[in-house]
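Take a look at the structure below.
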Amino acid sequence: MRALKWMLVASMLCLLAVPAMADGVFDVTGSLTISGNDVCGGAACVETLDFSFEVTWVQFAPGQFNPEILPGTTASSSGPLGSFAPAGPGSIANNFIQFFNTQGDEIDISVLNAPVASAPQALQLANGFGGGYIYGCQTAVCVADFAPPGFVPPAFGLFTLGTVQYTETAVPEASTILYLLIGLVLVSLVYWHRLGERGRPEPHDFLPR
């Protein structure tokens, strides 16, 4: 019985001894909606980009960290410009994240704390209106639907603004999950051992008294 008590103590230590979150890994999920010119059936053309990715921070000098998008980024979009995909995993070398369709039209999402921060932290996208924009149009459709007057393809520096809404959560460490499972197993062993000492429960044991 003394050994089981020590197992219970150990399980509690497992739950408390490790940090709850991975060191600087964050999951970012959100959407960008851009309204353009009133040429889509008499109404404003709308492009919507949904995105999800994990980001971490890489130290390249003392007290200087660069955000890096991890592999596995997903994106889906709807609107007259077709499907967009991220430029790829890797370093966020500027203050924006790039997405391209197959024709080369470019949508960017602004990042407020890139490319350099003093410590790993949540990635700060520019939430709300102005948080993302169409930067470049390689196609006539993109220019007609989203560019200000006077642009012809290929056109760059459009900055047709849209609205970003996103959520961000810290990613749990794998070791944290493992320790939680170990703790739950140990607590369960203690519970079933003590239950066995009292004898197998009967159905009436669960009725209100």
Practice task
Can you tell me which residue within region 93-113, out of those that are at pLDDT 95 or above and of a type in the set (A, V, I, L, M), is farthest from Leu158 (Cα to Cα)?
Solution key: Leu112
Handout entry: Check on Gln124, farther than 17 Å from Asp50 by Cβ, at pLDDT 95 or above and not hydrophobic (A, V, I, L, M, F, W, C)
Key = yes
Practice task
Pick out, from region 95-148, the strands (runs of 3 or more DSSP E) lying fully within it that include 3 or more residues that are touching a helix residue (DSSP H, G or I) at 6+ places or on another chain (Cβ under 7 Å) and not assigned by TED's automatic domain parsing to the domain that holds Val58.
Solution key: none
Practice task
Taking the options Thr163, Thr169, name whichever one is assigned to a strand (DSSP E or B) and farther than 15 Å from Ser77 by Cβ.
Solution key: Thr169
Practice task
May I ask you to list the residues in region 36-86 that are surrounded by 15 or more Cβ atoms within 10 Å (Cβ to Cβ), of a type in the set (Gly, Ala, Ser) and under 23 Å from Gly24 (Cα atoms)?
Solution key: Ser52, Ala75
Exercise for the section: Please name all residue pairs, on different chains or six or more residues apart, with Cβ atoms under 6 Å, provided the first residue is in region 105-124 and is in contact (Cβ under 8 Å) with a residue 60 or more places away in the chain and the second residue is outside any strand (DSSP E or B). Expected result: Pro120/Gly24
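The values are calculated or read from the model by the stated rules, or taken from the named source; none is laboratory data. Everything numeric in this text was worked out from a predicted model, so none of it was measured. Every residue, glycine as well, gets a Cβ built from its backbone with ideal geometry; the counts of neighbours run over all protein chains shown.
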